[in-house]
Amino acid sequence: MSFIRKLFHTKPLNHYVTEEHNLRRCLTATDLTMLGVGAIIGAGIFVLTGIAAAVLAGPAIIFSYILAGLACAFCALAYAEFASSVGGCGSAYGYAYASLGEIVAWIIGWDLLLEYGMDAATVSIGWSGYVQEALRAVGITLPKVLLTDPFHGGIMNVPAVLVIFVLAAILCLGSKESARFNKIVVFIKLSVIALFIAIGLFNFNPENWKPFLPFGVKGIVNGAGLIFFAFIGFDAVSTAAEESIRPQRDVPIGIIASLLICTVIYIVFAAVLTGMMHFTLLNVTSPVANALIHLGYKLSAEVISLGAIAGLTTVILVMLFGASRVFLAMSRDGLLPKVFNKMDDKTQTPRRIIWSLAAIMAINAGFLPISQIADLVNIGTLAAFIVVCAGVIVLRYTRPNLPRTFRTPWCPLVPSLGVILCFYLMLSLPAITWISFGLWTVLGFVIYFAYGRRNSLLYKELYENGHSEIPAFAPSTGSN
């Protein structure tokens with residue numbers, strides 16, 4: 001029992017954050033909202049909407065987005081409460097550590113690294129595809145061996161690798177500079193989406209919505225399980241808590257506002273896309289551009305392709321940002337090597353972590369096929385969401401007097417619904433995804449017991465130095 005109790009001991013607020021580890025506070029609520037929009041609007045809107053409509057839900061993909069958005073809304077409210085009370089740059093990892101204990105936190109942190117890392121790799125592969133189409137449109141054709149992975153007859157997907165390293169360099173310039181770049185690209189992306197919606201409304205044909213529910217209710221659920229990938233990203237806003245000027249106010253705003261904005265955009269976009277072209281014709285790698293070309297808008301299709309490139313760029317940027325902050329939080333706690341803790345003196349960014357993660361992401365993007373890694377992102381994210389929702393409920397009972405500038409409404413009902421919906425969506429994923437996720441989790445346990453537990457600062461302070469207890473939620477050193 002003593003061993004089990006050690007595994008589930010919770011960590012005080014930012015107990016191991018020192019001046020050496022501090023991130024620079026420079027981000028506003030607008031910056032955080034744009035980070036969320038930059039992460040959410042990407043492959044989901046330009047690729048998955050058409051594919052999910054064609055093979056899973058038909059025009060009822062609209063309801064798939066509503067279902068997925070609802071599940072995310074419950075989770076976003078839980079994230080917002082944790083961000084306003086616990087803070088830190090670890091997102092769900094830090095929240096789990098504060099509410100459910102170290103072993104749960106480690107597994108969720110391990111899953112988050114999978115989520116952010118695989119998401120960035122997946123999106124960079126999609127980015128490469130759109131760049132290839134844009135180059136072909138102006139008469140430039142690159143060798144196939146440099147444009148795809150070894151599983152499809154290539155050597156390496158060079159564009160996918162290059163974009164990851166370029167964005168890593170931008171992140172190393174500083175958080176404010178990265179946020180400024182993100183804002184510019186998000187503006188381009190939203191402008192292109194507005195252009196598509198305007199064209200689609202003028203070419204809307206109600207006959208394309210027949211049949212509206214070709215795959216039944218099950219199709220809506222399965223569609224939600226697939227396009228849930230589209231909503232991944234709002235949780236990355238919480239990783240910027242330590243870089244927010246007013247985290248207790250701004251982080252909840254950034255999380256909730258970005259999710260609401262993107263959900264509305266997704267629903268309108270899906271309705272327009274399936275209304276301007278029959279869903280059976282949308283199972284292609286670039287359904288949006290294909291629909292415009294089909295209607296004779298060739299120039300607009302090229303513009304949309306550029307917008308897709310912009311959209312995917314911000315997703316990769318924010319995913320790499322989020323992964324680096326989660327890695328930093330785990331390294332601070334001793335669960336990952338402390339050599340990564342060091343901040344750049346000038347930019348106050350974890351450069352070693354950024355470049356290390358970029359290298360891993362680039363290997364995945366350059367040498368693995370997209371189909372093998374997309375579903376892993378979904379299941380890892382859903383698992384993290386379940387833990388955050390459960391953690392809010394636990395913390396309400398274990399730390400009822402903890403200051404909360406934002407409180408999840410109707411708790412425990414809302415977070416419980418988040419747990420149920422996320423688990424329901426997990427069940428819709430294929431068996432091979434569960435097997436792969438199980439293997440990743442087992443690997444995580446092996447690393448934890450071989451390295452993490454032995455080097456955990458909390459474990460050392462509690463048991464090796466003779467302290468029987470650390471006061472829960474000691475005064476923060478800088479997150480709130």
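The values are calculated or read from the model by the stated rules, or taken from the named source; none is laboratory data. Just so we're clear, the structure is a prediction, and the values are computed from it rather than from any experiment. Cβ coordinates were reconstructed from backbone atoms using ideal geometry, including for glycine residues, and neighbour counts include every protein chain displayed. Calculation scope for accessible area: heavy atoms of the full protein, side chains included, ligands and nucleic acids excluded. Shrake-Rupley method; radii C 1.70, N 1.55, O 1.52, S 1.80 Å.
Please determine, by comparing only the residues of the stretch 446-476 that are surrounded by fewer than 14 Cβ atoms within 10 Å (Cβ to Cβ) and in contact with a Pro (Cβ under 8 Å, 6 or more places away or on another chain), which one is modelled with the highest pLDDT. Even if it seems obvious, please write down each step before you answer.
From the stretch 446-476, those surrounded by fewer than 14 Cβ atoms within 10 Å (Cβ to Cβ) are 446, 449-450, 454, 460, 464-469, 471, 474-475; that's our starting set.
Those still in the list that are in contact with a Pro (Cβ under 8 Å, 6 or more places away or on another chain) too: 471, 474.
Details: PRO471: 39, ALA474: 36.
Applying the filter and picking the extreme gives PRO471.
All but one of (1) modelled with pLDDT of 75 or more; (2) farther than 30 Å from ARG453 by Cα hold for CYS75, so report the exception by its number. With (1) modelled with pLDDT of 75 or more; (2) farther than 30 Å from ARG453 by Cα applied to CYS75, the lone miss is (2). Looking at the stretch 89-179, the helices (runs of 4 or more DSSP H) lying wholly inside it that each contain 1 or more residues that are surrounded by fewer than 24 Cβ atoms within 10 Å (Cβ to Cβ) and modelled with pLDDT of 85 or more sit at 102-137, 158-172.
Checking ILE379, ILE293 one by one, the residue that is more than 30 Å from PHE202 (Cβ to Cβ), assigned to a helix (DSSP H, G or I) and aliphatic (A, V, I, L, M) is ILE379 and no other.
Cβ-Cβ distances below 9 Å connect the following pairs, each with a first residue in the stretch 289-317 that is under 28 Å from ASN364 (Cα atoms) and open to solvent by less than 60 Å² (accessible area, probe 1.4 Å), a second residue that is aromatic (Phe, Trp, Tyr) and in a loop (DSSP other than H, G, I, E, B), and a separation of six or more residues or different chains: ILE304/TYR297. Taking (1) touching a residue at least 40 places away in the same chain (Cβ under 8 Å); (2) closer than 29 Å to GLY334 by Cα in turn, VAL185 satisfies each apart from (2). Scanning the stretch 220-247 for residues that are part of a helix (DSSP H, G or I), under 20 Å from ILE61 (Cα atoms) and open to solvent by less than 10 Å² (accessible area, probe 1.4 Å) returns GLY223, ALA224, GLY225, ILE227, PHE228, ALA230, PHE231.
Condition check for THR381 on (1) modelled with pLDDT under 85; (2) closer than 16 Å to PHE74 by Cα; (3) open to solvent by 10 Å² or more (accessible area, probe 1.4 Å): one failure, at (3). Tell me the residue from VAL284, VAL303, VAL264, VAL272 that is of a type in the set (A, V, I, L, M) and not in a helix (DSSP H, G or I), please. Checking each option against the conditions leaves just VAL284. Can you find a residue that is under 20 Å from the mean Cα position of the chain (by Cα) and open to solvent by 50 Å² or more (accessible area, probe 1.4 Å) anywhere in the stretch 347-359? Among the residues of the stretch 347-359, at least one is under 20 Å from the mean Cα position of the chain (by Cα) and open to solvent by 50 Å² or more (accessible area, probe 1.4 Å), which makes the answer yes. Scanning the stretch 34-68 for residues that are in a helix (DSSP H, G or I), aliphatic (A, V, I, L, M) and open to solvent by less than 10 Å² (accessible area, probe 1.4 Å) gives VAL37, ALA39, ILE40, ILE45, ALA52, ALA53, ALA57, ALA60, ILE61, ALA68.
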